[in-house]
Amino acid sequence: MLANLLFYLGLAVSLGIGFVYFRDLGDVSQMLLKVKRENTVRFMKYEGKLILIGVVSALLSLVGYMMGGGNGWVLLAALVLVTFFFLFTWVWVHVGLRNQKDNAKYYPIEVAKDYVNPSASVMVLENNGHARAHSDAQMLRPHMAGNEEGLGGEDVVLTYCAMANLGVGYTPTIEGQKLDLTVMAQHGNNLILRDNNTGEAIQHIYGAKDSDMEAGAEGPVCPMKPELSMKPWPTYRMSFRAFQKAFPDGEVFINMPPKNPILRLFDMAVGLIFGWGIERQHQESAPVMDNMTRIDDRLPTKTYVWGVTVNGDATCWTDDFLFENDNLLNVKVGGRDLVVSYDQKFESLGVFYNDSGKPVTRCNFWGETDQGKLERVESLRPGLFWHVWAEFFPQTDINRTGDPSASQGEAA
């Protein structure tokens, strides 16, 4: 009796936890299964404890079998399945998605020319003349890049989500506490990070812990206080050829293949899987992983938008709308005057604070205008998919011009 109890109860618990682990954090599983965000976040927080319970339960079933309980073929089949659930998911998350937030390698432009196409879009961070470029292809697997040298003396990490086509620079601290970030999963087609110090989930697009978020009728919303999120750094996109012109001494992140041949083959396999999924994400109107909570058809799903949030006010623009308006808009967001500008020479769309009190008539890549030099808006999320922006900022308007009281936005 005891032997059978240990055998079947152990198998049931280990199989159940293993399946949930694979479902919630297996990533590729979300191409087939619709996963609830709360389940993903729960397993992220208690991953270590749940894995331990699952492994102990599998061992108990083995003990029960050795005591004369159960069936050998059932045990073998169950252990194979349990091993797959736990091993695949753990390896995928902790080896396949291993980040480079502390040990990224940056190379001179001359070296990077062999790895990045001149017309490729790169995500750029700059501080005190120290500029770094990150292409989507090179950021595809590590998701985070930074090192101890920092950006112009500041601790800045580029975080990247390929499903959202979004890169954001952050200082990885909240309320003065250094975060130990790791890549865990995605939901709503946006990356979820975990702070290993607390186990807390952090939504990439917000830069804030789930525990500091408000629960609204339409899902989680941004934290009420800026200090409850990581400090964002102005992040913008431009072509690699334009980066070379703007920052001839700039650095470029290259994800060089590892020297270990086994790890290199593994990374190649992971890269192929990622590449296949992300190619579909850019080409097909429906999200490859359909774990979205809302649909907003004001723009086609995969339209690229440049979105900002200022004092709780959210809006976004499409590049073609800006082109139709002579590459320059004077707008008000969150009570602040902004300038949205596209620089043709440097192939970059930028958003700047305009505290001059007057509208500007010209603005270049550097923020130099007829009203003086302007500072970039640090909350810009450059060139992400519309359906992702609308998922996390449902109250956004589109292509705002002037004051929001006069124009509530219109689709391009």
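The values are calculated or read from the model by the stated rules, or taken from the named source; none is laboratory data. Predicted model, so just to flag it, every value in this text is computed and none were measured. With ideal geometry, Cβ positions are generated from the backbone for all residues, glycine too; neighbour counts draw on all protein chains shown. With ligands, DNA and RNA removed, areas are computed over all heavy atoms of the protein, side chains included. Shrake-Rupley method; radii C 1.70, N 1.55, O 1.52, S 1.80 Å.
Could you tell me which residue of the stretch 361-373 is most open to solvent (accessible area, probe 1.4 Å), considering only residues that are in a strand (DSSP E or B) and farther than 24 Å from residue 384 by Cβ? For the stretch 361-373, the residue satisfying everything is 373. Inclusion of residue 300 among residues that are open to solvent by 20 Å² or more (accessible area, probe 1.4 Å), free of Cβ contacts under 8 Å to residues at least 24 places away in the same chain and either of a type in the set (Lys, Arg) or touching a helix residue (DSSP H, G or I) at 6+ places or on another chain (Cβ under 9 Å) (or both) is not warranted. Of 14, 57, all but one fail to be over 30 Å from residue 271 (Cβ atoms), in contact with a Phe, Trp or Tyr (Cβ under 9 Å, 6 or more places away or on another chain) and open to solvent by less than 60 Å² (accessible area, probe 1.4 Å); the exception is 14.
Listed by position, the strands (runs of 3 or more DSSP E) inside the stretch 243-360 whose residues that are within 27 Å of residue 129 (Cα to Cα), among the β-branched types (Val, Ile, Thr) and at pLDDT 95 or above number at least 3 form an empty set.
Scan 49, 113, 45 and give me the residue that is within 30 Å of residue 264 (Cβ to Cβ) and not hydrophobic (A, V, I, L, M, F, W, C). Spell out how you get there, then give the answer.
Values: 49 fails: within 30 Å of residue 264 (Cβ to Cβ); 45 fails: within 30 Å of residue 264 (Cβ to Cβ).
Every option except 113 fails the conditions.
Screening the stretch 380-395 for residues that are modelled with pLDDT under 95 and not in a helix (DSSP H, G or I) and picking the one that is most open to solvent (accessible area, probe 1.4 Å) gives 395. Restricting to the stretch 335-352, give me the number of residues that are under 18 Å from residue 311 (Cα atoms), within 25 Å of the chain's Cα centre (by Cα) and open to solvent by 20 Å² or more (accessible area, probe 1.4 Å). Looking only at that region, the number is 0. Listed by position, the strands (runs of 3 or more DSSP E) contained in the stretch 72-174 that have at least 1 residues being open to solvent by 60 Å² or more (accessible area, probe 1.4 Å) and not hydroxyl-bearing (Ser, Thr, Tyr) are 106-108, 121-127.
When the criteria are applied in full, residue 240 meets the requirement of being at negative phi, open to solvent by less than 40 Å² (accessible area, probe 1.4 Å) and modelled with pLDDT of 95 or more. Consider the stretch 1-42 and keep the residues that are free of Cβ contacts under 8 Å to residues at least 12 places away in the same chain and in a loop (DSSP other than H, G, I, E, B). The one that is nearest to residue 273 (Cα to Cα) is 32. For residue 273, the conditions (1) closer than 18 Å to residue 165 by Cα; (2) open to solvent by 60 Å² or more (accessible area, probe 1.4 Å); (3) in contact with a Phe, Trp or Tyr (Cβ under 9 Å, 6 or more places away or on another chain) are fulfilled apart from (3).
Being among the aromatic types (Phe, Trp, Tyr), within 28 Å of residue 70 (Cβ to Cβ) and open to solvent by 20 Å² or more (accessible area, probe 1.4 Å) is a description that does not apply to residue 21.
Results for (1) modelled with pLDDT of 95 or more; (2) of a type in the set (Asp, Glu), shown as yes or no for each residue.
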| site | (1), (2) |
| --- | --- |
| 13 | yes, no |
| 16 | yes, no |
| 27 | no, yes |
| 37 | no, no |
| 40 | no, no |
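Among what's in the stretch 188-201 and is over 10 Å from the mean Cα position of the chain (by Cα) and in contact (Cβ under 8 Å) with a residue 12 or more places away in the chain, pick the residue that is most open to solvent (accessible area, probe 1.4 Å). If we take residues in the stretch 188-201 being over 10 Å from the mean Cα position of the chain (by Cα) and in contact (Cβ under 8 Å) with a residue 12 or more places away in the chain, then 197 is most open to solvent (accessible area, probe 1.4 Å).
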